[in-house]
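Below is one structure, written out as structure tokens; comments come after it.
The values are calculated or read from the model by the stated rules, or taken from the named source; none is laboratory data. In this text, all values refer to a predicted model and were calculated from it rather than measured experimentally. No Cβ is skipped: glycine too gets one built from the backbone with ideal geometry, and neighbour counts run over all protein chains shown. Ligands, DNA and RNA are stripped out before the accessible areas are found, and what is left, the full protein with its side chains, is counted by its heavy atoms. Shrake-Rupley method; radii C 1.70, N 1.55, O 1.52, S 1.80 Å.
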Amino acid sequence: MSVDRLELEVHDIEMPVLTGIYSEETHLPQPLRISITAELDCAPLYAPDTPLSASKNYLDLKRAATAALPEGVHFTLIEAVADHICETLLLQDARLRWVRVKIVKLAIAEGRESIGITLTRHRR
């Protein structure tokens with residue numbers, strides 16, 4: 001028996017966030033590239049006239065990485081930024097099974113590499 005899955009995705013949001021542990025990082029926001037994937041309970045069928053309430057507005061994912069980040073708060077670790085985004089989304093919608101947040105620190109790349117973390121938080 002197969003199990004249907006619905007993953008919502010918003011990728012490559014660039015957002016300045018107060019984060020870092022070194023003195024040169026702690027006074028100015030750092031540019032982060034944030035991508036979010038969230039698994040939502042899947043409807044049994046998505047017909048052409050299925051309402052948005054059967055899914056989730058993608059903008060909710062984007063807002064969790066932008067407007068929902070507390071202004072003026074310094075996150076020592078980018079892991080804490082990812083955790084805040086995950087918890088925001090999981091609290092917002094009980095239909096989410098898990099949320100995955102990938103954060104790339106743009107300011108520390110010396111070439112084309114991506115340096116960062118991925119956090120997957122499952123509903124408890």
(request) Please find, among Asp4, Asp12, the residue that is surrounded by fewer than 13 Cβ atoms within 10 Å (Cβ to Cβ), of a type in the set (D, E, K, R) and free of Cβ contacts under 8 Å to residues at least 24 places away in the same chain. (result) Asp12
(message) Out of Ser53, Ser114, I need the residue that is closer than 17 Å to Ile13 by Cα and either assigned to a loop (DSSP other than H, G, I, E, B) or open to solvent by 40 Å² or more (accessible area, probe 1.4 Å) (or both). Which one?
(response) Ser114
(message) Restricting to segment 83-111, and then to whatever is of a type outside the set (Lys, Arg) and under 20 Å from Leu28 (Cβ atoms), can you tell me which residue is most open to solvent (accessible area, probe 1.4 Å)?
(response) Glu110
(request) Kindly provide the set of residues from segment 59-111 that are in contact (Cβ under 8 Å) with a residue 24 or more places away in the chain, part of a loop (DSSP other than H, G, I, E, B) and touching a helix residue (DSSP H, G or I) at 6+ places or on another chain (Cβ under 7 Å), ordered by number. (result) Leu69
